[in-house]
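Worksheet: one structure, shown below.
The values are calculated or read from the model by the stated rules, or taken from the named source; none is laboratory data. Owing to the predicted nature of the structure, the values given are computational and were not obtained by experimental measurement. As a convention, Cβ positions derive from the backbone with ideal geometry for all residues, glycine included, and neighbour counts pool all protein chains shown.
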Amino acid sequence: MNYANIKYCDIANGPGVRTSLFVSGCTHRCEGCFNSEAWAFDAGQPFTDEVIGQIIASCEPGWITGLSLLGGEPLEPENQEAVLALVKAFRERLPQKSIWCYSGYTFEELTGQQPSRAATPTALRLLEQMDVLVDGEFIEAQRDITLRFRGSLNQRILDLPASLREGRAVDWHDDPAYVHGK
């Protein structure tokens, strides 16, 4: 996997101050995408163990709330194993911090409730480690700059532990006391 960018001290892609990883590679190619330069799987730089270490280290200070994964598309099947390595290492080292993921794939597609090439065993393992999924392709005709943490009206902000427990999409509620999986 390659990555297009890492933003440290990001306040736009989840609550609080976060580190945001923008992976390379996306087959959705949404019209009006803000990050079309990351559509190519070979864009950017190689994602290595050293990069994983840098990302985790950047999230260690107490004032950092967590990690956000964006793209490109972090849940493309081609990216899932590398993203899983990061998420597992992050969760092991910083279990109290949140992981957000932005995906053009919906919760139903990722869990196999609707047919999708992204519905893999690795995708399920990833979802189990994450706190919030912002799902759905960006739709230019539904663009709304007043929305919090998303770009178009069709996109949902989902509480992943609750969604996985209930087997259906459950909306996320901004709770500062939230701890992963509870």
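Below, the figures for the structure above:
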read-out: Residue match in the stretch 20-35 (condition: assigned to a loop (DSSP other than H, G, I, E, B) and farther than 23 Å from ASP135 by Cβ); value: no
read-out: Any hit, the stretch 133-140, residues being in contact with a strand residue (DSSP E or B) (Cβ under 9 Å, 6 or more places away or on another chain), over 20 Å from ASN13 (Cβ atoms) and either surrounded by fewer than 17 Cβ atoms within 10 Å (Cβ to Cβ) or at pLDDT 95 or above (or both); value: no
read-out: Test: residue in the stretch 94-107 that is among the β-branched types (Val, Ile, Thr), touching a residue at least 12 places away in the same chain (Cβ under 8 Å) and either under 19 Å from PRO77 (Cβ atoms) or part of a loop (DSSP other than H, G, I, E, B) (or both); value: yes
read-out: Residue among ALA40, ALA123 that alone is of a type in the set (Gly, Ala, Ser) and either assigned to a loop (DSSP other than H, G, I, E, B) or more than 15 Å from the chain's Cα centre (by Cα) (or both); value: ALA40
read-out: Test: ASP42 is acidic (Asp, Glu) and touching a Ser or Thr at 6+ places or on another chain (Cβ under 9 Å); value: yes
